[in-house]
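Enquirer: One structure is given below, represented as structure tokens, and several questions about it will come after.
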Amino acid sequence: WLVAEVRRDKKVYRQEFARGEPTTEMITVGVAGKDESGTTISFLPDPEVFEETEFDAATLLQRLRETAFLTRGLRIILADERAGGKTEEFYYEGGIRDFVAYVNESKDAVHKHIVYLEGESDEGNLEVAMQWNSSYVESVFSFANNINTTEGGTHLQGFRAALTRTLNQYARNEGLLKEKDDNLEGEDAREGLAAVISVKLRNPQFEGQTKTKLGNPGIAGLVERIVNQKLSEFLEENRTEARQIVQKAIAARNARQAARKARELTRRKSALENSSLPGKLADCTIKDPDSAELFIVEGDSAGGSAKQARDRTTQAILPLRGKIINSEKNRINKVLSNTEIQAMITAIGTGFGDEFDIANLRYGRVIVMTDADVDGAHIRTLILTFLYRTMPELFERGHIYIAVPPLYHVKLGSRGMYFEKDAQLEELLVRERVKDMTVTARGELETTLTEARWTRLVREIGHLEAWAAKLEAEFGPAARFAIAHRLVESEAGERPDAAALISSLPANGYELTVVEELGELLHVRVVETETSTAHRVDLPLAMLVSSTYGAVQRAYAKAGDIVGLPPFTVAFGSKSFHAETFDALRSSSLDLAKEGMQISRFKGLGEMNPEQLWETTMDPTKRMLIRVEVEDAAAADRVFSTLMGDQVEPRRLFIEQNAKDVKFLDV
């Protein structure tokens, strides 16, 4: 269904629709203010029409942020009212200038001011914002009528041509390029460039159904003319910044020429050795790229096991020794001097940068296979960083994969099993052990943990945890206090007498005393009975009537409907344990279920013999692969720059902000 409410001419109109047809007449439902106007659309996706009816917050976030950048002054608020959801607001007075600042946030700018150009013609309007940074990668994003043209098009062609020509012309006129010097090439001019090109056209022409490439033939000339004129004016009026920009491009040219010499030297060396493929590559015999796979493997030890385990017909193995060079921090000539990088480029076959040619791809699947520990994750990130920065089309066409080796080997009796995820191990524990456990809740309520009951309980505990996290973000430690000491068991929707409620709470190993009540804040003294350890909690009364607190109460009650209310005693055979909370009930049940099982956690590929490696990670009929896709190029660019770039402060902030979400920390 869809409901439209329109505020116009001091009235509010409403009409409802379902599956494209009106289900009510348009009616007047209220009075609007004198200057109030606009439309409110409410809708619920129909599962018979849409394959996917669950909204993905990350996808909406990316698109709405993009729209706010491209529409200067537009304010967009995204409120995710689901458990664990957040509210985000997007408003950018600077428009695409703020977009460039967003892209460059974790990078060192080469010049102070963001270059902003605009112009118009009968065909439409053009906006360009750009700023060079000290990195070695190009981050240029193009849009047509707010549509992200990821494949570029005529507007991007015009921009690139004008940029290269204008910088060359300025450099020659100012003597920064001597007569004997080679001209700057396009890749030199764009090294370290963050730019946004946005055209608004009356009659846009897109190529293909996805509208990711602009085809208007006249737009290239329009963009070229405006950028040439306006950028020339900027360079003339800002001579210090102009010199910084040109010197950055000249340094890029020098590095490119050094890299070209290194490539030619490598090619000559390969020709002399009568081999164009790296010696450590164990190639497959099939020549059809669509059927061939390249495993890029961490370490010679794992590489040796993989070579023995593989299907020689379709699977090639390239072992890498140690951590490869960080391509985010180093110029391309230094990157190319790295032996492991050279081996990857040669094995994949496409070349890179401006020489990239997808037609020369030797393997339909390029699979990164590293250990499941922190070092393996680091090596995988370095490999993906290099591939993303130099061969992005491999990601766009779906050729890059991550192998998922097992985390656990479980021996139960005579059976041996492998699991890639904690959730899979939990399924086994529930199926084999937890289903036979008995839970006794408060009031001597006894329940057997069947598989169905466990599934429902875990789902409700997840909802409870998500709402509790949201409540904690709003009200601090008081949120966890209310759950741990069971204040949430009061009736939802009512404002309780908090002091009376606290004094009547059932004993749970703590003594609670209301020390002082100051307006909307209650000071509670908490003393642990066994140790006499005391601390104080400030309880805001506003929390007890908030909508989030009500959601916590409802989730808590639903969990209680399944197994009763805490505290719990859980029995399994001759063993039992005590749990004060729902979360403790879940974790302790799983710990008890593991007793008597032989559970091994794998950290390295080298720990597995060839048979295990084939069975768990390389056999196409059993393995798990993750295809690496790039849905939000600007966000991906920021993450790579933040985590792999030179600046330490953005990386520190990223770690601080995301530390609470870490589930497994390997140190």
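Enquirer: I'd like the full set of residues that are of a type in the set (A, V, I, L, M, F, W, C) and either closer than 10 Å to residue 2 by Cα or not assigned by TED's automatic domain parsing to the domain that holds residue 76 (or both), limited to the stretch 15-43. Even if it seems obvious, please write down each step before you answer.
Expert: In the first step, residues of the stretch 15-43 are kept if they are of a type in the set (A, V, I, L, M, F, W, C); the result is 17-18, 26-27, 29, 31-32, 41, 43.
Hits for the stretch 15-43 are 17, 18, 41, 43.
Enquirer: Same structure again: Scan the stretch 126-142 for residues that are more than 22 Å from the chain's Cα centre (by Cα) and either at pLDDT 95 or above or buried (at least 19 other Cβ atoms within 10 Å of the Cβ) (or both) and report the count.
Expert: The total comes to 9.
Every residue, every condition in (1) touching a residue at least 40 places away in the same chain (Cβ under 8 Å); (2) under 20 Å from the mean Cα position of the chain (by Cα); (3) not in a helix (DSSP H, G or I), yes or no:
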| position | (1), (2), (3) |
| --- | --- |
| 340 | no, no, no |
| 346 | yes, no, no |
| 368 | yes, yes, yes |
| 389 | yes, yes, no |
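Enquirer: Quick check on the stretch 145-157. Is at least one of its residues closer than 24 Å to residue 237 by Cβ, of a type in the set (Val, Ile, Thr) and either modelled with pLDDT under 95 or touching a helix residue (DSSP H, G or I) at 6+ places or on another chain (Cβ under 7 Å) (or both)?
Expert: no
Enquirer: Considering only residues of the stretch 348-366 that are in a helix (DSSP H, G or I) and aliphatic (A, V, I, L, M), which is farthest from residue 323 (Cα to Cα)?
Expert: Within the stretch 348-366, the subset in a helix (DSSP H, G or I) is 348, 353-355, 358-360.
In the following step, the residues that additionally are aliphatic (A, V, I, L, M) were identified as 348, 358-359.
Working: 348: 19, 358: 27, 359: 29 Å.
Restricting to residues being in a helix (DSSP H, G or I) and aliphatic (A, V, I, L, M), the top hit is 359.
Enquirer: Restricting the search to the stretch 136-160, which residues are of a type outside the set (D, E, K, R) and assigned to a loop (DSSP other than H, G, I, E, B)? Walk me through how you get there before you give the answer.
Expert: Just the residues of the stretch 136-160 that are of a type outside the set (D, E, K, R), to begin with: 136-137, 139-150, 152-159.
Within the stretch 136-160, 136, 137, 145, 146, 149, 150, 152 meet the criteria.
Enquirer: Kindly indicate whether residue 50 is assigned to a strand (DSSP E or B) and aromatic (Phe, Trp, Tyr).
Expert: The answer is no for residue 50.
Enquirer: I would also like to ask the following. So residue 95 passes all but one of these: (1) on the phi < 0 side of the Ramachandran plot; (2) modelled with pLDDT of 95 or more; (3) touching a Lys or Arg at 6+ places or on another chain (Cβ under 7 Å). Which condition number does it fail?
Expert: Condition not satisfied by residue 95: (1).
Enquirer: Inside the stretch 558-614, can you point out the residues that are of a type in the set (D, E, K, R) and free of Cβ contacts under 8 Å to residues at least 60 places away in the same chain?
Expert: Within the stretch 558-614, 561, 575, 591, 595, 607 meet the criteria.
Enquirer: Another one. Listed residues 34, 112, 107, 11; which is on the phi < 0 side of the Ramachandran plot, modelled with pLDDT under 90 and surrounded by 10 or more Cβ atoms within 10 Å (Cβ to Cβ)?
Expert: Sole residue among the options that is on the phi < 0 side of the Ramachandran plot, modelled with pLDDT under 90 and surrounded by 10 or more Cβ atoms within 10 Å (Cβ to Cβ): 107.
Enquirer: Report whether or not residue 222 is at pLDDT 90 or above, within 19 Å of residue 127 (Cα to Cα), touching a Phe, Trp or Tyr at 6+ places or on another chain (Cβ under 7 Å) and surrounded by 15 or more Cβ atoms within 10 Å (Cβ to Cβ).
Expert: no
Enquirer: Going through the stretch 324-360 one residue at a time, which ones are of a type in the set (A, V, I, L, M, F, W, C), within 24 Å of residue 299 (Cα to Cα) and at pLDDT 90 or above?
Expert: Passing the criteria: 341, 343, 344, 345, 347, 348.
Enquirer: Which of the residues that make up the stretch 183-203 are assigned to a strand (DSSP E or B) and charged (D, E, K, R)?
Expert: If the condition is that a residue be assigned to a strand (DSSP E or B) and charged (D, E, K, R), then 200 is the only one that fits.
Enquirer: Go through (1) in contact with a strand residue (DSSP E or B) (Cβ under 8 Å, 6 or more places away or on another chain); (2) crowded, with 19+ Cβ neighbours inside 10 Å; (3) more than 23 Å from residue 282 (Cα to Cα) and name the single condition residue 398 misses.
Expert: Of everything listed in (1) in contact with a strand residue (DSSP E or B) (Cβ under 8 Å, 6 or more places away or on another chain); (2) crowded, with 19+ Cβ neighbours inside 10 Å; (3) more than 23 Å from residue 282 (Cα to Cα), residue 398 misses just condition (2).
Enquirer: Looking at 69, 43, 55, 50, which one is within 30 Å of residue 128 (Cα to Cα) and among the aromatic types (Phe, Trp, Tyr)?
Expert: None of the others qualify; the one that does is 69.
Enquirer: Ok, one more. In the stretch 182-216, which residue that is in contact with a helix residue (DSSP H, G or I) (Cβ under 8 Å, 6 or more places away or on another chain) and acidic (Asp, Glu) is nearest to residue 96 (Cα to Cα)?
Expert: The extreme case among them is 191.
Enquirer: Filter the stretch 591-612 for residues that are touching a helix residue (DSSP H, G or I) at 6+ places or on another chain (Cβ under 6 Å) and buried (at least 16 other Cβ atoms within 10 Å of the Cβ); which is nearest to residue 414 (Cα to Cα)? If you could, list the steps in order and put the result at the bottom.
Expert: Taking the stretch 591-612 first, the residues touching a helix residue (DSSP H, G or I) at 6+ places or on another chain (Cβ under 6 Å) are 593, 605-606, 610.
Subset that is buried (at least 16 other Cβ atoms within 10 Å of the Cβ): 593, 605-606.
On the way: 593: 18, 605: 24, 606: 24 Å.
Applying the filter and picking the extreme gives 593.
Enquirer: Find the residue count for the stretch 374-421, including only residues that are over 27 Å from residue 345 (Cβ atoms) and among the acidic types (Asp, Glu).
Expert: 1
Enquirer: Sticking with this structure for a sec: Testing residue 229 on (1) modelled with pLDDT of 95 or more; (2) assigned to a loop (DSSP other than H, G, I, E, B), one condition comes back false. Which one is that?
Expert: Of (1) modelled with pLDDT of 95 or more; (2) assigned to a loop (DSSP other than H, G, I, E, B), only one is false for residue 229: (2).
Enquirer: Quick check on the stretch 160-170. Is at least one of its residues touching a Ser or Thr at 6+ places or on another chain (Cβ under 9 Å), under 25 Å from residue 218 (Cα atoms) and not acidic (Asp, Glu)?
Expert: Looking for residues that are touching a Ser or Thr at 6+ places or on another chain (Cβ under 9 Å), under 25 Å from residue 218 (Cα atoms) and not acidic (Asp, Glu), one finds at least one in the stretch 160-170, hence yes.
Enquirer: Turning to a different aspect of this structure: Looking only at the stretch 54-109, filter to residues that are among the β-branched types (Val, Ile, Thr) and outside any loop (DSSP other than H, G, I, E, B); which one of those is nearest to residue 197 (Cα to Cα)?
Expert: Only one residue tops the list, namely 96.
Enquirer: Mind telling me which of the residues 305, 270, 301 ends up being assigned to a helix (DSSP H, G or I), of a type outside the set (A, V, I, L, M, F, W, C), in the same structural domain as residue 392 (by TED's automatic domain parsing) and at pLDDT below 80?
Expert: Every option except 301 fails the conditions.
The values are calculated or read from the model by the stated rules, or taken from the named source; none is laboratory data. Small disclaimer: the values here were computed from a predicted structure and weren't measured. With ideal geometry, Cβ positions are generated from the backbone for all residues, glycine too; neighbour counts draw on all protein chains shown.
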